[in-house]
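Participant: Take this structure, written in structure tokens, and hold onto it; I'll ask about it next.
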Amino acid sequence: MKIILLGAPGAGKGTQAEKISKKFGIPTISTGFIIRNAIANETEVGKVAKGYIDKGQLVPDEVVTNILMERISNEDCKDGFILDGYPRTIAQGESLDDNNIKIDYVIDLVVPDEVILGRLTGRRECSKCGRTYHIVDNKPSVEGICDACGGELICRKDDNPETIKNRLEVYHSQTEPLEKFYTDKGLLCKVIGQDSVDGTYAEVLKVLEA
Ligand code: ADP
Ligand code: ZN
């Protein structure tokens, strides 16, 4: 099963991806997390990406598409995967088609911008495994430590109000057109992001198990 999670930054793609991944036994691929790792490790890709990500802009399509194609050629992706954060432009959506990657579901997590702002400023990310938390709504058992792997929780550099504003603008101008792209293919399923993670997940499951 191949699933795309669409939605604004902070719509809860990562959190839902993790739950879907557990239930269906397929890996989650977060291009943002891969890129942040590349930056931390100062790889060539990391050096290119840094200037974009820090400003809340998109990393160029060719760079991200190469990263993605390499990742999904791995053995663990042979039965499917969940894409969290790719595609983010029409060109990236077309790249999936060009590479004959047949998507089964596109789940569009719909959350208003006002809600997003509050969520992102309280977000924390595990520096080791990428799992996300929230300082109010989704706390770890021990403050500052990842429940899943014991890694240190950090506040992402791009989760500050100014950069968040840019990311939302980029989302509306460059990523939102994918809603029509996938509606035209008959793949788009809108899920309204609920107050609770489990409430949203129940709606996601209705789509995947329909
Ligand atoms: P969020 O969904 O909260 O914005 P991500 O971790 O998915 O977080 O993305 C963070 C940043 O990584 C983006 O703002 C962008 O700079 C870069 N990025 C991630 N995925 C892509 C992509 N598919 N295309 C271009 N840039 C990307
Ligand atoms: Zn972790």
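Participant: Looking at region 35-131, what % of the alpha carbon pairs are farther apart than 18 Å? Intermediate results must be reported in sequence, preceding the final value.
Facilitator: On the way: 2737 of 4656 pairs.
The proportion of pairs with Cα distances above 18 Å equals 59 percent.
Participant: What's the local net charge at ALA38, with K and R +1, D and E -1, over the other residues with C-beta under 13 Å away?
Facilitator: Residues close to ALA38 contribute a combined charge of +1.
Participant: Calculate what fraction, in whole %, of the accessible area of the chain sits on carbon and sulfur atoms when a 1.4 Å probe is rolled over the protein chains. Spell out each step's value before the answer.
Facilitator: On the way: 5440 of 10640 Å².
Carbon-and-sulfur percentage of accessible area, whole number: 51.
Participant: Give the accessible surface of the chain per residue, rounded to a whole number of Å², with probe radius 1.4 Å and ligands, DNA and RNA excluded.
Facilitator: It amounts to 51 Å² per residue over the chain.
Participant: Let me ask something additional. What FRET efficiency, computed as 1/(1 + (r/R0)^6) with R0 = 41 Å and r the Cβ-Cβ distance, is obtained for ILE192 and GLU162, rounded to the nearest 0.05? Each step should come with its number before you reach the end.
Facilitator: On the way: r = 28 Å, r/R0 = 0.68.
Efficiency at R0 = 41 Å is approximately 0.90.
Participant: Using only alpha carbon positions, build the gyration tensor of the chain, then give the equivalent ellipsoid semi-axes as the square roots of 5 times its eigenvalues, largest first, whole angstrom.
Facilitator: Details: eigenvalues 106, 87, 66 Å².
Rounded to whole Å, the semi-axes are 23, 21, 18.
The values are calculated or read from the model by the stated rules, or taken from the named source; none is laboratory data. Please read these numbers as outputs of a predicted model, since none were measured by experiment. Methodologically, a virtual Cβ is constructed for each residue, glycine included, from the backbone with ideal geometry; neighbour enumeration extends over all protein chains shown. These accessible areas exclude ligands, DNA and RNA; they are computed on the full protein's heavy atoms, side chains included. Shrake-Rupley method; radii C 1.70, N 1.55, O 1.52, S 1.80 Å.
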